[in-house]
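S.K.: One structure is given below, represented as structure tokens, and several questions about it will come after.
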Amino acid sequence: QVQLVESGGGLVQPGGSLRLSCAASGNIFSIYFMGWYRQAPGKQRELVCGISSSGSTDYASSVKGRFTISRDNAKNTMYLQMNSLKPDDTGVYYCYADALGRAYWGQGTQVTVSS
């Protein structure tokens, strides 16, 4: 079992920045892949970015160059640094982990980009 807890969401103006955190606990050594998904109102949940246990990363084209995913293995925490935020980035952001082929999700944190 893996538990994921997100934090760091909030309201920010366009062009601003936010950093999300995802603290993992439980059987963390079984985690192969972690990522951030988001779901905007009325839309399907989409993968924003991901990071493997080896540190390789991948980003959706809509956030490439603006968002940075990272993980601190010593703190069992994954981060999402979001810069140059746009109103289209608004949504609930979910932390995701793949551990031994099983998917785990955090509870989600709201990000609202609005003036």
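S.K.: Of everything in segment 15-33, what is outside any loop (DSSP other than H, G, I, E, B) and either within 21 Å of Gly65 (Cβ to Cβ) or of a type in the set (Asp, Glu) (or both)? Give them in sequence order. Working first, answer last.
M.R.: Step one: of segment 15-33, the residues outside any loop (DSSP other than H, G, I, E, B) are 18-26, 28-33.
Leu18, Arg19, Leu20 - these are the residues of segment 15-33 that are outside any loop (DSSP other than H, G, I, E, B) and either within 21 Å of Gly65 (Cβ to Cβ) or of a type in the set (Asp, Glu) (or both).
S.K.: Further question: Among (1) part of a loop (DSSP other than H, G, I, E, B); (2) open to solvent by 80 Å² or more (accessible area, probe 1.4 Å); (3) under 26 Å from Ser25 (Cβ atoms); (4) not β-branched (Val, Ile, Thr), which single condition is Gly55 missing?
M.R.: For Gly55, the exception is condition (2).
S.K.: Further, regarding this structure: Please go through segment 5-14 and pick out each residue that is within 23 Å of Asn76 (Cα to Cα) and either of a type in the set (Ser, Thr, Tyr) or part of a loop (DSSP other than H, G, I, E, B) (or both).
M.R.: Taking segment 5-14 first, the residues within 23 Å of Asn76 (Cα to Cα) are 5-10.
Within segment 5-14, Ser7, Gly8, Gly9 qualify.
S.K.: Here's something else I'd like to know. Which one of Gln107, Gln81, Gln44 is assigned to a loop (DSSP other than H, G, I, E, B) and within 14 Å of Cys22 (Cβ to Cβ)?
M.R.: On the way: Gln81 fails: assigned to a loop (DSSP other than H, G, I, E, B); Gln44 fails: within 14 Å of Cys22 (Cβ to Cβ).
Every option except Gln107 fails the conditions.
S.K.: Any idea how many residues of segment 60-90 are open to solvent by 80 Å² or more (accessible area, probe 1.4 Å) and among the hydroxyl-bearing types (Ser, Thr, Tyr)?
M.R.: So in segment 60-90, the residues open to solvent by 80 Å² or more (accessible area, probe 1.4 Å) come out as 61, 64-65, 73-75, 86, 88.
Okay, now just the ones that are also among the hydroxyl-bearing types (Ser, Thr, Tyr), so 61.
Number of matching residues: 1.
The values are calculated or read from the model by the stated rules, or taken from the named source; none is laboratory data. Everything numeric here is computed off the predicted structure, so don't read it as measured data. Every residue, glycine as well, gets a Cβ built from its backbone with ideal geometry; the counts of neighbours run over all protein chains shown. What goes into the accessible areas is simple: the full protein's heavy atoms, side chains included, and nothing from ligands, DNA or RNA. Shrake-Rupley method; radii C 1.70, N 1.55, O 1.52, S 1.80 Å.
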